[in-house]
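To start, the structure under review is shown below, and the notes come after it.
The values are calculated or read from the model by the stated rules, or taken from the named source; none is laboratory data. What you see is a predicted model, and the numbers here were worked out from it, not measured in a lab. Neighbour counts run over all protein chains shown; Cβ positions are idealised from the backbone, glycine included.
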């Protein structure tokens, strides 16, 4: 028989339901907390693995370039390779100083043109442009970033070079000036857009405080906004500089590709990238000439990394001074 009278010690149905609900809720909370902890750990591991993979790839590239490049010095002295300007592989002369100096000069000239113009454009977009115009100009700059470099080189070859010939009165206008103008146009959108984002991210309370102290717009931008956005602008400069120093096709089409030191801005010359791309397909793999080109590639990577490190050190020193 079924006992229809419950025992005095047995829990009431309402209490039993409440206890079961609390147990289920605590179990659900525990499971959600465990899943959240597991997903966070997994995401952290994926980020660490990705960063490690990028560093490993860069290290492998550097080792490969250096390991092949040092074979050059089995037949060529360090002094000749780094201090001689005589690059004549057919006659066993491998002086790379012309290309190293040309690369440094081209990068410096490009940054001299590009950095002030990019910052001015970024300030104009972030501080002075109406919203409707800003919504038009920003997508245009984003589109300019994606234009292939060969298009810039072709326009420089067919439009810029003839124009520079008419202005300078020279038969040849190829050289550092033409290449720096093409590279400036190429890196302007990149530096401008990243700098624009950095300036736009500065809190408005900084501007309001500066205006409350009686400063005008120019003083607010130069003394408050730009110093506050300095970190983002420096990153933009780094990205633009690395693109300028490693650009090949556009430079090949307008620089002249002549292994000589440029005594003027309109003298045809060559840089590391242009010399590598012009000669790498016509040399034997296991030859001093090929090893010399690999060493030039390693030097190019080393110059890029060194410039990035210098910019970062200057940025940290500026932050300490502030």
- Scanning region 264-273 for residues that are over 25 Å from the mean Cα position of the chain (by Cα) and modelled with pLDDT of 85 or more, which turns out surrounded by the most Cβ atoms within 10 Å (Cβ to Cβ)? 269
- Item | Residue match in region 246-255 (condition: modelled with pLDDT under 85 and either touching a strand residue (DSSP E or B) at 6+ places or on another chain (Cβ under 9 Å) or surrounded by 20 or more Cβ atoms within 10 Å (Cβ to Cβ) (or both)) | yes
- If you go through 133, 157, the only one that is assigned by TED's automatic domain parsing to the domain that holds residue 242, in a helix (DSSP H, G or I) and closer than 28 Å to residue 293 by Cα is 157
- In region 170-200, how many residues are surrounded by 24 or more Cβ atoms within 10 Å (Cβ to Cβ) and under 17 Å from residue 139 (Cα atoms)? 6
- Among the residues of region 274-281, is there at least one that is surrounded by fewer than 18 Cβ atoms within 10 Å (Cβ to Cβ), more than 19 Å from residue 179 (Cβ to Cβ) and at pLDDT below 85? yes
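Matching residues to (1) in contact with a strand residue (DSSP E or B) (Cβ under 8 Å, 6 or more places away or on another chain); (2) not assigned by TED's automatic domain parsing to the domain that holds residue 306:
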position	(1), (2)
63	no, yes
83	no, no
98	yes, no
104	no, no
108	no, no
- Message: If I go through region 291-306 residue by residue, how many of them are free of Cβ contacts under 8 Å to residues at least 24 places away in the same chain and buried (at least 18 other Cβ atoms within 10 Å of the Cβ)?
- Response: 1
- Task: Within region 248-263, identify whether any single residue is free of Cβ contacts under 8 Å to residues at least 12 places away in the same chain and within 29 Å of residue 306 (Cα to Cα), and answer yes or no.
- Result: yes
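Per-residue answers, yes or no, for (1) loosely packed, with under 14 Cβ neighbours inside 10 Å; (2) under 26 Å from residue 233 (Cα atoms):
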site	(1), (2)
123	no, yes
137	no, yes
140	yes, yes
143	yes, yes
149	no, yes
153	no, no
161	no, no
165	no, no
168	no, no
- Query: Looking at residue 231, is it at positive phi and modelled with pLDDT under 90?
  - Reply: no
